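**Student:** This structure is in structure tokens; I'll ask about it shortly.
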Amino acid sequence: MIVFVDTNVLLDVFQQRSPYYESSAFVWGVAEKQKAKVYISAISYNNVFYIIRKHSGKDAAQHAIEVLNATFSLAPLDQMTLGKAVWARKTDFEDAIQFYSAISIGAECIVTRNLKDFPQDVLPVLTPDAFYSMYVDEFYPDLLKE
């Protein structure tokens, strides 16, 4: 399975945001344990760095992007992908880049808490909670049997 993860899910984990942490951590764990091919956009690196640096300092921000680099696959941000985002003229340009990055890697779903800014008719756009509900049995079949 090919999964694309939006920046807000990554920040949920780094900042242990309640009540989102647990389901976002599940998505993260799928990537970490290589249960699926999980991608993030190149722009997630600068978004995470900026926000973590602002809240926790430069060292924490540097550590965060090192962890991202070791955990997730990178959806390439090339001229064609960026051009599609530019010409889409969406209200939120950052989400347009995320969306077309997901399309470029053949993602089977996008995981985000920001459902309203992604088209729902091209590929499934799921919250981390919905992703957990749909895929926990597939990725961790013994988890719920305890």
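The values are calculated or read from the model by the stated rules, or taken from the named source; none is laboratory data. Just so it is clear, the model here is predicted, and its values are computed rather than measured. When we count neighbours, we look across all protein chains shown, and the Cβ atoms used for this are built from the backbone with ideal geometry, even at glycine.
**Student:** Would you mention how many residues in segment 52-64 are over 13 Å from V13 (Cα atoms) and surrounded by 15 or more Cβ atoms within 10 Å (Cβ to Cβ)? Can you show your working first?
**Tutor:** First, the residues of segment 52-64 that are over 13 Å from V13 (Cα atoms): 53-63.
Next, only the ones that are surrounded by 15 or more Cβ atoms within 10 Å (Cβ to Cβ) stay: 53, 61.
The total comes to 2.
**Student:** Collect the residues in segment 100-112 that are touching a helix residue (DSSP H, G or I) at 6+ places or on another chain (Cβ under 7 Å) and either modelled with pLDDT under 95 or assigned to a helix (DSSP H, G or I) (or both), keeping them in residue-number order.
**Tutor:** Y100, S101, S104
**Student:** Looking at this structure, is Y132 of a type in the set (F, W, Y) and farther than 19 Å from V9 by Cα? Can you show your working first?
**Tutor:** Working: of a type in the set (F, W, Y): yes; farther than 19 Å from V9 by Cα: no.
Considered against the rule, which asks whether it is of a type in the set (F, W, Y) and farther than 19 Å from V9 by Cα, Y132 comes out as no.
**Student:** Select from segment 94-112 the residues that are crowded, with 17+ Cβ neighbours inside 10 Å and not hydrophobic (A, V, I, L, M, F, W, C) and write down the one among them that is farthest from L82 (Cα to Cα).
**Tutor:** Among them, the one singled out is T112.
**Student:** If you take the residues in segment 86-144 that are hydroxyl-bearing (S, T, Y) and within 20 Å of Y45 (Cα to Cα), which one is nearest to the chain's Cα centre (by Cα)?
**Tutor:** Of the residues in segment 86-144, the ones hydroxyl-bearing (S, T, Y) are 91, 100-101, 104, 112, 127, 132-133, 135, 140.
Now restrict to residues that are within 20 Å of Y45 (Cα to Cα): 100-101, 104, 112.
On the way: Y100: 13, S101: 11, S104: 15, T112: 6 Å.
Selected residue: T112.
**Student:** Can you name every one of the helices (runs of 4 or more DSSP H) wholly within segment 32-99 that holds 1 or more residues which are in contact (Cβ under 8 Å) with a residue 24 or more places away in the chain, touching a Leu at 6+ places or on another chain (Cβ under 8 Å) and under 27 Å from V122 (Cα atoms)? Step through it out loud before you land on a result.
**Tutor:** Numbers: elements: 42-56, 58-71, 79-88.
Hits in segment 32-99: 42-56, 58-71.
**Student:** When the residues of segment 1-26 are filtered to those that are farther than 19 Å from S101 by Cβ and among the aliphatic types (A, V, I, L, M), which remaining residue is surrounded by the fewest Cβ atoms within 10 Å (Cβ to Cβ)?
**Tutor:** Looking at the filtered set, the residue picked out is A25.
**Student:** Among the numbered conditions (1) free of Cβ contacts under 8 Å to residues at least 40 places away in the same chain; (2) on the phi < 0 side of the Ramachandran plot; (3) part of a loop (DSSP other than H, G, I, E, B), tell me where Q16 comes up short.
**Tutor:** (2)
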